[in-house]
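So the structure is just underneath, and the comments pick up after that.
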Amino acid sequence: MTKFPVKRYLLVLFISYLYAVYFIWRITSPVLDENTFIMIAIISGFLLIHLFTKNKDEQITIIIAGCSFGQLFYLIICNSYHLQYTVNYETYFTIIFAILFIIAIQSCWEYIMIKIESFIKSLEYKKRWNT
């Protein structure tokens, strides 16, 4: 349980709102096929969370909370207006886990780059003392 500033809570509400609107748009205007629809959701979710937060723990918490509340909003809206509930929980979990996987890959990449830089600096230091 972390304490977030008000901006982070507003970000969670914004993500949940975008999530619900995006899936309602899928019902009302089915322009994209399923795979393209999921890929756009994953990429836009990752970019949105990456633009507003830098801390990995906050990113993970905000994306899970935002998508969960968005799924709840989407379910409530679909039931209220008797819309066909076309997005199942597989799509929901695919989007969340894909975004989390991209965050994990990014974190591993940053860790590897830091280790490579420290290794190069140590080699330069040894080279400087050996010459």
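In table form, for the structure just shown:
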| read-out | value |
| --- | --- |
| Qualifying residue in the stretch 69-84 (condition: farther than 22 Å from Leu11 by Cβ, touching a residue at least 24 places away in the same chain (Cβ under 8 Å) and not hydrophobic (A, V, I, L, M, F, W, C)) | yes |
| Identity of the residue in the stretch 56-98, of a type in the set (A, V, I, L, M), over 12 Å from the mean Cα position of the chain (by Cα) and part of a helix (DSSP H, G or I), that ends up surrounded by the most Cβ atoms within 10 Å (Cβ to Cβ) | Ile77 |
| Condition check for Lys127: at pLDDT 90 or above and not polar (S, T, N, Q) | no |
| Single match in Tyr111, Tyr74 (criterion: among the aromatic types (Phe, Trp, Tyr), farther than 21 Å from Phe4 by Cα and at pLDDT below 90) | Tyr74 |
| Residue that is nearest to Thr94 (Cα to Cα), among those in the stretch 19-40 that are buried (at least 17 other Cβ atoms within 10 Å of the Cβ) and of a type outside the set (Val, Ile, Thr) | Phe37 |
| The stretch 90-115 residues that are in contact (Cβ under 8 Å) with a residue 12 or more places away in the chain, paired with ones that are among the small types (Gly, Ala, Ser) and assigned to a helix (DSSP H, G or I) (beta carbon under 7 Å, 6 or more apart) | Ile95/Ala41; Ile95/Gly45; Ile99/Gly45 |
| Residues located in the stretch 36-49, provided they are modelled with pLDDT under 90 and not aliphatic (A, V, I, L, M) | Thr36, Phe37 |
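The values are calculated or read from the model by the stated rules, or taken from the named source; none is laboratory data. Just so it is clear, the structure is predicted and the values come from calculations on it, not from any experiment. Positions of Cβ are backbone-derived with ideal geometry, glycine not excepted, and every protein chain shown enters the neighbour counts.
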